[in-house]
Amino acid sequence: MYSIVEKINIGKKALISQTDFTNEETVPSAKTSFICCQCNHENTIEIVPYQSGFPIFQLYHGDQVITKNDLLKNGAVTQTSATMQHFGELTVNNLPTLYFGTSCKTCTSKYICVFGYGEKQPGLTILTISGIWEYKESE
Ligand SMILES: [Zn+2]
């Protein structure tokens, strides 16, 4: 898992085995896998709450890595509801939203994973992966 600092273009969305996790499914980590769009290798990923990922804000701040519009267009995030703006302007499921870069183990294609994690209501903690997309650094 790494942060992304270069400008990127998002490509195909990968197939993910599980995208929604609740309560104990997130402890000590949420484990899932995605199928590489290029070579069909099944890559496992493990998201550790409060450790994995970087704030999504870092991607769209000043259009540094990707524009808000591209994130919205690809369904990576939605506009945060008015009462949840403290989590940022763009979120997954109105929860604190993070991302990380990863690559296919066999063909080294690069992927970006976006997820929201937090307490949706008292006693209900949710981790939702909005998607894992192939990406390329733009020229
Ligand atoms: Zn691959």
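Coordinate-derived values only; no laboratory data. Computed from a predicted model, the values in this text were never measured in an experiment. No Cβ is skipped: glycine too gets one built from the backbone with ideal geometry, and neighbour counts run over all protein chains shown.
Per residue, the Cα convex hull of the chain amounts to 98 Å³.
For segment 98-115, backbone phi angles converted through the Karplus equation (6.51, -1.76, 1.60; θ = phi - 60°) give residue-by-residue couplings of 10, 8, 8, x, 8, 9, 5, 5, 9, 10, 6, 4, 9, 10, 10, 10, 10, 8 Hz, Gly and Pro being listed as x. The lysines within cross-link reach of Lys105, meaning a Cα-to-Cα straight distance under 26 Å and a gap of 8 or more places when in the same chain, are Lys7, Lys12, Lys13, Lys31, Lys136.
If a spin label sat at a point 7 angstrom from the Cα of Gln38 along the line to its beta carbon, the backbone N atoms of segment 84-124 nearer than 14 Å would be those of 102-112.
Extending 7 Å from Cα along the Cβ direction at Lys31 and again at Phe54 yields two label points whose distance is 2.7 nm.
In this Cβ point-charge picture (+1 for Lys and Arg, -1 for Asp and Glu), the chain has a dipole of about 220 debye about its Cα centre.
Distance between the modelled labels on Gln64 and Glu137, one decimal in nanometres: 1.6 nm (7 Å Cα→Cβ projection). Between the beta carbons of Ser17 and Leu72, assuming R0 = 35 Å, the FRET efficiency works out to 0.90 to the nearest 0.05.
Entry note, segment 6-74: relative contact order of 30 percent, from Cα contacts under 8 Å with a spacing of 6+ residues. Across the options Thr128, Gly118, Ile16, the greatest Cα extent toward the positive end of the charge dipole of the chain (unit charges at beta carbon of Lys, Arg, Asp, Glu) belongs to Ile16. Mean residue ellipticity at 222 nm, helices only, the chain: -1500 deg cm²/dmol; runs of at least 4 DSSP H residues each add -39,500 (n - 2.57), and the sum is divided by the number of residues.
Taking the number of Cβ atoms within 10 Å of each Cβ as an exposure proxy, the fewest-first ranking of Leu98, Leu90, Leu124 is Leu124, Leu90, Leu98. Normalising the average separation of contacting C-alpha pairs (under 8 angstrom, six or more residues apart) by the number of residues puts the relative contact order of the chain at 32 percent.
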